[in-house]
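Every number in this text was worked out from the coordinates using simple rules, so none of it is lab data. Values in this document were obtained by computation on a predicted structure and should not be read as measured data. Here the Cβ positions follow ideal geometry from the backbone for every residue, glycine too, while neighbour counts run over all protein chains shown.
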Amino acid sequence: MAMAMLWLATGASAKLCFPGKMDASSGRGGISRIFCPAHSRTLARRWTAAAATAAPNGGIHLDCAPVPPEQVEIIQSMNGWVAENMLPLLVPVDSSWQPHDFLPCSTPAPGVSEAEALAAFTEGVAELREGVAGVPDEILVCLVGNMVTEEALPTYQTMGNRSEGGSDESGASSLPWAQWLRGWTAEENRHGDLLNRYLYLSGRVDMRQVEITVHHLLRNGMEMLVPNSPYHSMIYGAFQERATFISHGHTGRLAGQHGDKALAKICGAIAADERRHEAGYTRGSAKLFQVDPDGMVRALAYVMRGKVTMPGLLMSDGRDGGETLFERFSAVAERIGVYSARDYGDLVEHFVRRWRVAELTGLSGEGRRAQEYVCGLPPKIRRMAELAHQRAARSESRTVQFSWIFDRSVMVR
């Protein structure tokens with residue numbers, strides 16, 4: 001789940017409630033803003049650790065109940081289903097690609113001399129650098145941002161292990177939910193490794209500053225202020241995996257347009273992984289919608305209305321000023337089309353349709369309000385995205401600086 005930023009629709013209230021206990025009054029609320037460059041500074045500051053400890057009436061109010069035992073029971077009862085429907089989406093290790101497959105080989109093959117191997121490696125690196133030479137800085141910024149968030153994988157596995165009923169309690173559990181979490185982690189681990197090595201060989205970025213950013217993000221972590229709800233986690237996983245699939249896919253397409261076929265292939269392989277992982281979380285969510293439609297539609301409304309933590313939100317290169325590194329990265333991604341508010345609108349519409357949210361019946365009053373809210377989101381998001389686009393088109397372009405590319409600047413709006 002690497003992730004690109006998940007463009008965020010938030011409600012008017014900053015109050016965090018358990019997804020199964022959604023405020024009835026807020027169920028009728030609209031979207032107060034879309035997470036896009038125009039509002040990223042507000043949101044990034046809103047969801048900081050400092051905000052979480054702010055004084056009463058001035059910060060975040062946590063009003064969360066424990067995870068209902070029936071949710072935990074449902075998740076635990078699905079282990080057999082997970083074995084049949086999710087685990088097959090993980091590719092056996094012997095059949096999986098590895099970072100080595102996409103990069104110049106640095107070791108001699110049997111029967112090849114050290115001098116011949118070094119010459120072949122040098123030639124391979126030269127070809128790689130020739131391909132990346134024409135890639136604009138804007139694309140490199142997005143590539144680095146995606147790689148940095150991929151490298152924070154330990155944080156994401158920790159988040160998965162917080163989900164009650166679906167965690168890996170022993171660290172080596174044979175239960176299908178635990179096998180999925182470890183298998184997903186193993187496949188995701190290759191993404192950061194591959195992009196890191198590619199960037200190192202490319203010679204186009206300041207790898208020490210990139211490594212400092214990874215170090216900071218792992219130290220800073222990821223704000224997990226929501227309850228340990230397995231419903232929330234499943235929905236969150238589906239959204240993040242699809243967002244990442246889109247982001248890596250667009251990055252690869254842009255790289256290919258500028259002549260870097262190797263990077264296009266790399267991004268394509270990573271995007272394909274994300275697509276499979278999305279399928280797993282989407283299937284799991286669809287099954288939960290069948291078993292507990294009322295609980296799931298309220299959880300979905302909570303995810304849409306409440307705080308969705310962007311995995312790379314707390315990234316830093318140690319040089320952040322008035323605008324955070326994540327804000328600048330997001331602005332570049334929006335401008336060049338790696339991931340935009342329009343993509344987010346398409347993503348929400350996709351899941352509302354895929355999970356047949358509009359067709360759910362037998363819902364409670366809260367469930368019906370949640371259903372109405374969620375089904376009305378896609379057109380609202382598109383209207384707000386269009387307004388934001390129009391405002392950006394009228395605004396003057398500006399430049400932002402990135403230590404990742406040796407303090408060069410790129411254009412944003």
Checklist line | Qualifying chymotrypsin sites (Phe, Trp or Tyr not before Pro) for segment 309-413 [loop in DSSP, other Cβ within 10 Å: at most 15] | finding: 406
Notebook entry, point to check: segment 303-382: which trypsin sites (Lys or Arg not before Pro) are DSSP loop and have at most 11 other beta-carbon atoms within 10 angstrom?
Noted result: none
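Kindly provide the GluC sites (Glu not before Pro) of segment 324-413 that DSSP labels as loop, not H, G, I, E or B, and whose Cβ sees at most 12 other Cβ atoms within 10 Å.
Details: sites: 327, 334, 349, 359, 366, 372, 386, 396; in loops: 396.
Within segment 324-413, the qualifying GluC sites (Glu not before Pro) (loop, at most 12 other Cβ atoms within 10 Å) are 396.
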Check: Among 240, 196, 229, which residue has its Cα positioned farthest towards the positive end of the charge dipole of segment 193-241, with +1 placed on the Cβ of Lys and Arg, -1 on the Cβ of Asp and Glu, and the dipole taken about the Cα centre?
Finding: 196
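Where does the charge balance sit around residue 229 when Lys and Arg score +1, Asp and Glu -1, over other residues with C-beta under 10 Å from its C-beta?
On the way: positive: 162; negative: 164.
Result for the neighbourhood of residue 229: 0.
Using a Förster radius of 22 Å, what is the FRET efficiency between residue 397 and residue 320 based on their Cβ-Cβ separation? Nearest 0.05, please.
0.50
Could you compute the net charge surrounding residue 123? Neighbours are other residues with a C-beta less than 14 Å from the C-beta of residue 123; K and R count +1, D and E count -1.
Numbers: positive: 129; negative: 116, 127, 130.
Once positives and negatives cancel, what remains is -2.
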Check: Tally Lys/Arg at +1 and Asp/Glu at -1 over every other residue whose Cβ is under 12 Å from the Cβ of residue 184; what's the total?
Finding: -4
Check: Hey, how many Å between the Cα centroid of segment 106-150 and the Cα centroid of segment 157-209?
Finding: 23 Å
Check: Taking Cα pairs under 8 Å and at least six residues apart, what relative contact order does segment 183-331 come out at, in percent?
Finding: 33 percent
Checklist line | Kirkwood hydrodynamic radius (C-alpha pairs) into Stokes-Einstein, segment 294-378, 37 °C and 0.692 mPa s, D in µm²/s | finding: 220 µm²/s
Check: Which distance in nm do the two modelled labels at residue 261 and residue 127 give, with both placed 7 Å along the Cα-to-Cβ direction?
Finding: 0.9 nm
Note to self: Per 0.36 nm of contour for each residue apart, how much would the distance between residue 380 and residue 70 grow if the chain were fully extended, relative to their Cα-Cα spacing?
What the structure shows: 108.2 nm
